[in-house]
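Peer 1: Take this structure, written in structure tokens, and hold onto it; I'll ask about it next.
Each value in this text was obtained by applying a stated rule to the coordinates, not by laboratory testing. The model shown is predicted, which means the values in this text are computed figures rather than measured ones. For neighbour counting, all protein chains shown are included, and Cβ atoms are generated from backbone atoms with ideal geometry for every residue, glycine included.
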Amino acid sequence: MRQRTQLINAIRGHLTEYGWVAPRGTAHMTLLAEMLEDEEMASSLPAEALPMFRAMIDLLAELDKRVATLDREIARRAKEDEAARRLMTIPGIGPIAATAIVALAPPVETFAKSSDFAAWLGLAPRQHSTGGKQRLGSISKMGERTIRRLLIIGGSSVVRQAYRNGAPAGSWLERMLARKPRMLVSVALANKMARMVWALLTKKEDYRAPAVATA
């Protein structure tokens, strides 16, 4: 994925040098390939540059095929694994996050409670004392980085959807979005998701609550 992103940025950067502003985002790469076939753009680029751009687009298409193949393989393995299937019932956790948790996390029995698992992932807020009172700060970011990052990405996806379409009335997510920035809500939701992961794996149950937990 990093190689693909670097290639996209390189294509956009080189086109900018020739006065063309390419659309941002990987979703627009098909449009970019079509633009390079457009007579107006093709005629505005130096003769030696056009083959270079086309070669880069071809390489990008090949990388897309590899990514798609890998995604299918991850999805297949996730469906075949009981624990991964269970984890994918949690909103925001897909095949990649589920298989990463199964592969990288120690046995769930390692953790006495759900908050211990969240702390191991670096998703537990730091605690500090002010005037004799304990206050919660930002997350520690210590622990297993890959799973933490995937849970935050998944939490961000749920938060974006709730921000657009509205969170369930009276839910924890609705209350949080009403008073906290979206990024902070995403991290807080990732913490809740981590605790859900521990609970489901411990109890060997599926997640059956509404789209977002209200606890």
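Peer 1: Among 157-163, 145-151, how do they line up by average Cβ neighbours within 10 Å per residue, starting with the highest? Intermediate results must be reported in sequence, preceding the final value.
Peer 2: Values: 157-163: 17.9, 145-151: 20.1.
Output ranking for 157-163, 145-151: 145-151, 157-163.
Peer 1: Where in region 77-99 does the label zone of ARG149 land, with the point 7 angstrom along Cα→C-beta and an amide N cut-off under 18 Å?
Peer 2: Output list for this probe position: 93-99.
Peer 1: Sort VAL185, VAL197 by Cβ crowding within 10 Å, fewest neighbours at the top. Let's see the in-between values first.
Peer 2: Numbers: VAL185 24, VAL197 27.
Neighbour counts put them in this order, fewest first: VAL185, VAL197.
Peer 1: If one takes the longest principal axis of the Cα atoms in the chain, at what angle in degrees, from 0 to 90 and to the nearest 10, does the Cα axis of helix 95-104 lie?
Peer 2: For helix 95-104, the angle is close to 60 degrees.
Peer 1: Let me ask something additional. When we measure straight from the Cα of LYS204, which aspartates and glutamates land under 15 angstrom away, once same-chain ones fewer than 8 places off are left out?
Peer 2: Leaving aside aspartates and glutamates fewer than 8 places away in the same chain, those within reach of LYS204 are ASP81, GLU82, GLU109.
Peer 1: Pairing the Cα long axis of helix 182-203 with the longest principal axis of the chain, what angle in degrees results, from 0 to 90 and rounded to the nearest 10?
Peer 2: Its long axis makes an angle of about 60 degrees.
Peer 1: Can you give the calculated 222 nm mean residue ellipticity of the chain, where each DSSP H run of n ≥ 4 adds -39,500 (n - 2.57) and the sum is split over every residue, rounded to the nearest 500 deg cm²/dmol?
Peer 2: On the way: 10 runs with 137 residues, N = 215.
Taking each H run of at least 4 residues, the total per residue is -20500 deg cm²/dmol.
Peer 1: Between rounded, prolate and oblate, where does region 81-203 land on the alpha carbon gyration tensor, with a ≥ b ≥ c its root eigenvalues, rounded for a/c under 1.5, else prolate if a/b exceeds b/c? Don't skip to the end; give the middle numbers.
Peer 2: Values: a/c = 1.93, a/b = 1.13, b/c = 1.70.
Taking the square roots of the gyration eigenvalues as a ≥ b ≥ c, region 81-203 is oblate.
Peer 1: Calculate I(q)/I(0) for the chain by the Debye formula, one identical point scatterer on each C-alpha and no solvent, and give its log10 at q = 0.10, 0.13, 0.17, 0.19 Å⁻¹ to two decimals.
Peer 2: For the requested q values the scattering log ratios are -0.61, -0.87, -1.13, -1.27.
Peer 1: Quick one: how many lysine pairs does region 81-203 have with C-alpha atoms less than 26 Å apart and a gap of 8 or more or different chains? Give me the count, please.
Peer 2: Lysine pair count for region 81-203: 11.
Peer 1: Could you tell me how far the Cα centroid of region 142-173 sits from the Cα centroid of region 35-84, in Å?
Peer 2: Each part's Cα centre sits 28 Å from the other's.
Peer 1: Net charge within 13 Å of THR99 by Cβ-Cβ distance, Lys/Arg positive one each and Asp/Glu negative one each, not counting THR99 itself?
Peer 2: Values: positive: ARG72, ARG76, ARG77, LYS79, ARG85, ARG86; negative: ASP71, GLU73, GLU80, ASP81, GLU82.
After counting each charged neighbour, the total is +1.
Peer 1: For the pair MET183 and SER43, what calculated FRET efficiency results from E = 1/(1 + (r/R0)^6), where r is the Cβ-Cβ distance and R0 = 41 Å, to the nearest 0.05? Please list the in-between numbers first.
Peer 2: On the way: r = 44 Å, r/R0 = 1.08.
For R0 = 41 Å, the calculated efficiency reads 0.40.
Peer 1: Can you tally the net charge around TRP172? Count Lys and Arg as +1, Asp and Glu as -1, for every other residue whose Cβ sits under 13 Å from the Cβ of TRP172. Can you show the working numbers first?
Peer 2: Details: positive: ARG175, ARG179, LYS180, LYS192, ARG195; negative: GLU174.
Counting the neighbours of TRP172, the net charge comes to +4.
Peer 1: Under a crude label model (7 Å from the Cα following the beta-carbon direction), how far is ASP206 from ASN9 in nanometres?
Peer 2: For ASP206 paired with ASN9, the spin-label model returns 4.1 nm.
Peer 1: What does the extension gain come out to for ARG54 and GLU82, with contour length at 0.36 nm per residue minus their alpha carbon separation? Let's see the in-between values first.
Peer 2: On the way: separation 28, 0.36 × 28 = 10.08 nm, distance 4.39 nm.
Here the answer is 5.7 nm.
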